[in-house]
Amino acid sequence: MNSPAGASMYESAKKIYPREIGGRFARLSYIATLSLLGIFYFLPWLTWDDRQAVLFDLPARKFYLLGLTLWPQDFPYLALLLIIAALSLFFFTALAGRLWCGFACPQTVWTEIFIWMEQWTEGTRSQRMKLDKAPWSFEKLRKKASKQLLWITFSMWTGFTFVGYFTPIRELGADIVALNVGGWTFFWGTFYGLATYGNAGYLREQVCKYMCPYARFQSAMFDKDTLIISYDEDRGEPRGSRKRGDDPAEKGLGDCIDCTLCVQVCPTGIDIREGLQYECIACAACIDACDSVMDKMNYPRGLVRFTTENSLKQRPSRILRPRTIIYATLLLSLCSGLVYSLATRTPLILDVIRDRNSLYREIPDDRVENIYTLKLINQSHEPRSFVLRVTGFAGIELDGAPGQILVEGGGVMSLPVRVRAHRDDAQGIHAIHFSATAVDDPGVHVEEDSRFLGPTP
Amino acid sequence: MIEEEYRGAERWSRNRQAVFTVVWISFLSAAIGTMVFFALFDPVDLTGIFDADLDIDRDAGYAAGFFFFWVLCALCSGMTAFLVRTAPKRKAKQHKQ
């Protein structure tokens, strides 16, 4: 591209040094970070029935989720799960704004961890700024190198854990120790580790500002009753510095002492006092910062706080409103649908594939036959025997299927079968139904429709 | 006014925004596409379509599928971004000196 802006493409962007702040929301975010990452790093090590509790076994095309085994044929569950996830995001956004962004988004959570490591090695905000400006020295090299060491080690562990969701993690660990890792395993681990390193170490809030679609369209889910972080302009303005103990009323000032702490702690570098901005990820660092200042000044807390547009304007806020009721109803019905269908799931799948190469075949005794391939998938963990039947029209018979078909636990049985009928009965196109029933439990029964083609009348 | 030093005044150039956004969004789309596609089709079944002798395992099939989707999505959104951004602007017609 020859646009004039092209020259600035590699211009080093100005870095944000968020200032560290303690407080209620910092503690909340600390807990959220630790528990979410704890789950991510711990889950693959969990064992269930002598196998990894959560394993997306792509080579075998089976997903193990605790006691549940899902197959590619269970795709509707995956689709349903994705829809539920999207709806939950809408619901919580309508209720509590960008709760997801501030506390649960992987981008935020991993950035948080990377910032901790930065603080351990390079110190506080002002120390980091000084260090970056200082010329290279042994001290600077030592600090930068230890930060990189922590970051890279952590990223590699992250990549390893990620791959551990798709390859049994204990075997993977043993393979790594023995330096015997498969090419693709190594590639995906490195890929994910590098993505974590880049996203959490360098891109950080730029991902939220420039690359995240949710950040741009979340405003569509907002209304005047949505919880947002807001500066109380009526109380704060006119802002101005003052000595402790000065009476603001006497000086004609509001409660904001213009210390700019709320701006310094902001990870996206905005000034919350300018109103709600799409860059705000609702991490609440500015609330903690402002509360600590209000405490020092002996003013009431909450100059910057979680509030709604309605309550800022002294109007009543409602939690129950058409938007939240609709989202909640949809969410509840989808969730119960998912639980119900999972609970009543038949651990047996029958796939019928009609041989497309021939319409029908004429065989002796004035009969015609159609050829099908049946796939029986036993989704239970024990071997099971099944009986196959076919129905549809008079005189129809199944050939090629033994009386009882034994399929091992978690196994697939592929069976070429022929369906035969007398040519007088079989003219035209007929709908037929295959069924499979477990010998030990007639409740385990599935049916699958197909077509039988006969000679044209 | 707040000192510049306090402010995260960092802004990406438009080209940088475009490149990163295209790469990232096509990555996310490719991830979803790969997931849905391979939930429905087994890479081992598909290899027979191209070349009966093609003997690749599932892992390689998944990877090839993912990168195929990524490149396709990047091409699509990259072209869209390029055309939107380089479209003739109204002022260009006025022949300003």
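Going through B:A9, B:A31 one at a time, which residue ends up being touching a Lys or Arg at 6+ places or on another chain (Cβ under 7 Å) and either modelled with pLDDT of 80 or more or within 7 Å of another protein chain (Cβ to nearest Cβ) (or both)? Spell out the reasoning first.
Numbers: B:A31 fails: touching a Lys or Arg at 6+ places or on another chain (Cβ under 7 Å).
Result of the check over B:A9, B:A31: B:A9.
I'd like the full set of residues that are away from chain B (no Cβ under 14 Å) and crowded, with 18+ Cβ neighbours inside 10 Å, limited to region A:55-73. I'd like the intermediate steps shown before the answer.
First, the residues of region A:55-73 that are away from chain B (no Cβ under 14 Å): A:55, A:64-69.
Residues satisfying the conditions are A:L55, A:Y64, A:T69.
Output yes when any residue across region A:248-256 is part of a helix (DSSP H, G or I), charged (D, E, K, R) and within 22 Å of the chain's Cα centre (by Cα), and no when none is. Outline the logic, then answer.
At the first step, the residues of region A:248-256 found to be part of a helix (DSSP H, G or I) are A:248-251.
After this cut, where a residue has to be charged (D, E, K, R) as well, the list is A:250-251.
Now restrict to residues that are within 22 Å of the chain's Cα centre (by Cα): none.
No: region A:248-256 contains no residue that is part of a helix (DSSP H, G or I), charged (D, E, K, R) and within 22 Å of the chain's Cα centre (by Cα).
Mind checking whether some residue in region A:216-235 is at the interface with chain B (Cβ under 10 Å from one of its Cβ atoms) and either among the polar types (S, T, N, Q) or over 22 Å from B:V22 (Cβ atoms) (or both)?
Scanning region A:216-235, I find no residue that is at the interface with chain B (Cβ under 10 Å from one of its Cβ atoms) and either among the polar types (S, T, N, Q) or over 22 Å from B:V22 (Cβ atoms) (or both), so the answer is no.
Residue under question is A:L330, and the condition is that it be under 28 Å from the mean Cα position of the chain (by Cα), surrounded by fewer than 20 Cβ atoms within 10 Å (Cβ to Cβ) and not in a loop (DSSP other than H, G, I, E, B); does it hold?
Against the criterion (under 28 Å from the mean Cα position of the chain (by Cα), surrounded by fewer than 20 Cβ atoms within 10 Å (Cβ to Cβ) and not in a loop (DSSP other than H, G, I, E, B)), A:L330 qualifies.
Quick one: which residue in A:G193, A:G201, A:G173, A:G189 is part of a helix (DSSP H, G or I), surrounded by fewer than 19 Cβ atoms within 10 Å (Cβ to Cβ) and out of contact with any strand residue (DSSP E or B) (no Cβ under 7 Å at 6 or more places or on another chain)?
A:G173
Taking region B:12-26 as the search range and keeping residues that are under 13 Å from B:F82 (Cβ atoms), within 10 Å of the chain's Cα centre (by Cα) and more than 7 Å from every other protein chain (Cβ to nearest Cβ), which one is surrounded by the fewest Cβ atoms within 10 Å (Cβ to Cβ)?
Filtering region B:12-26 for residues that are under 13 Å from B:F82 (Cβ atoms), within 10 Å of the chain's Cα centre (by Cα) and more than 7 Å from every other protein chain (Cβ to nearest Cβ), the one surrounded by the fewest Cβ atoms within 10 Å (Cβ to Cβ) comes out as B:V19.
Could we say that A:R367 is of a type in the set (K, R), within 30 Å of A:I405 (Cα to Cα), touching a strand residue (DSSP E or B) at 6+ places or on another chain (Cβ under 9 Å) and touching a residue at least 12 places away in the same chain (Cβ under 8 Å) here?
Yes, satisfied.
Based on what the data block shows, is A:F42 surrounded by 16 or more Cβ atoms within 10 Å (Cβ to Cβ) and either of a type in the set (F, W, Y) or more than 14 Å from chain B (Cβ to nearest Cβ) (or both)?
In short, no.
Condition (residue is buried (at least 18 other Cβ atoms within 10 Å of the Cβ) and in contact with a Ser or Thr (Cβ under 7 Å, 6 or more places away or on another chain)) applied to region A:121-138: is it met by at least one residue?
The answer is yes, given that some residue of region A:121-138 is buried (at least 18 other Cβ atoms within 10 Å of the Cβ) and in contact with a Ser or Thr (Cβ under 7 Å, 6 or more places away or on another chain).
Of the conditions (1) modelled with pLDDT of 90 or more; (2) under 11 Å from A:D232 (Cα atoms), A:T307 clears all except one; give me its number.
(1)
Show the residue pairs that are 6+ apart or on different chains and have beta-carbon atoms under 7 Å apart, the first residue being within region A:440-457 and buried (at least 18 other Cβ atoms within 10 Å of the Cβ), the second being charged (D, E, K, R) and outside any strand (DSSP E or B).
Hits for this filter: A:G454/A:R423.
Restricting the search to region A:96-106, which residues are surrounded by fewer than 21 Cβ atoms within 10 Å (Cβ to Cβ) and either assigned to a helix (DSSP H, G or I) or among the acidic types (D, E) (or both)?
Initial filter on region A:96-106 (surrounded by fewer than 21 Cβ atoms within 10 Å (Cβ to Cβ)): A:96, A:99-100, A:104-106.
Across region A:96-106, the qualifying residues are A:A96, A:L99, A:W100, A:A104, A:P106.
Within region A:74-82, identify whether any single residue is more than 14 Å from chain B (Cβ to nearest Cβ) and either in a helix (DSSP H, G or I) or not aromatic (F, W, Y) (or both), and answer yes or no. Steps first, answer last, please.
The initial filter retains those residues of region A:74-82 that are more than 14 Å from chain B (Cβ to nearest Cβ), namely none.
There is no residue in region A:74-82 that is more than 14 Å from chain B (Cβ to nearest Cβ) and either in a helix (DSSP H, G or I) or not aromatic (F, W, Y) (or both).
Cβ-Cβ under 9 Å, sequence separation 6+ or interchain: first residue in region A:180-197 and more than 11 Å from every other protein chain (Cβ to nearest Cβ) and farther than 13 Å from B:D59 by Cα, partner surrounded by fewer than 17 Cβ atoms within 10 Å (Cβ to Cβ) and acidic (D, E). Which pairs?
A:V181/A:D175
Say whether the condition of being away from chain B (no Cβ under 13 Å), in a loop (DSSP other than H, G, I, E, B), of a type outside the set (F, W, Y) and touching a residue at least 24 places away in the same chain (Cβ under 8 Å) is met by at least one residue in region A:108-116. Outline the logic, then answer.
Narrowing region A:108-116 to residues away from chain B (no Cβ under 13 Å): A:108-116.
Checking the rest, the ones that are also in a loop (DSSP other than H, G, I, E, B) come to none.
Within region A:108-116 (the criterion being away from chain B (no Cβ under 13 Å), in a loop (DSSP other than H, G, I, E, B), of a type outside the set (F, W, Y) and touching a residue at least 24 places away in the same chain (Cβ under 8 Å)), the answer is no, since none of the residues qualifies.
Which condition does A:R235 not pass, out of (1) in a loop (DSSP other than H, G, I, E, B); (2) in contact with an Asp or Glu (Cβ under 7 Å, 6 or more places away or on another chain), if it passes all the others?
The failed condition is (1).
The values are calculated or read from the model by the stated rules, or taken from the named source; none is laboratory data. As the structure is a computational prediction, the values presented were derived from the model and not from experiment. Cβ sites come from the backbone with ideal geometry, for glycine too, and all protein chains shown count toward neighbours.
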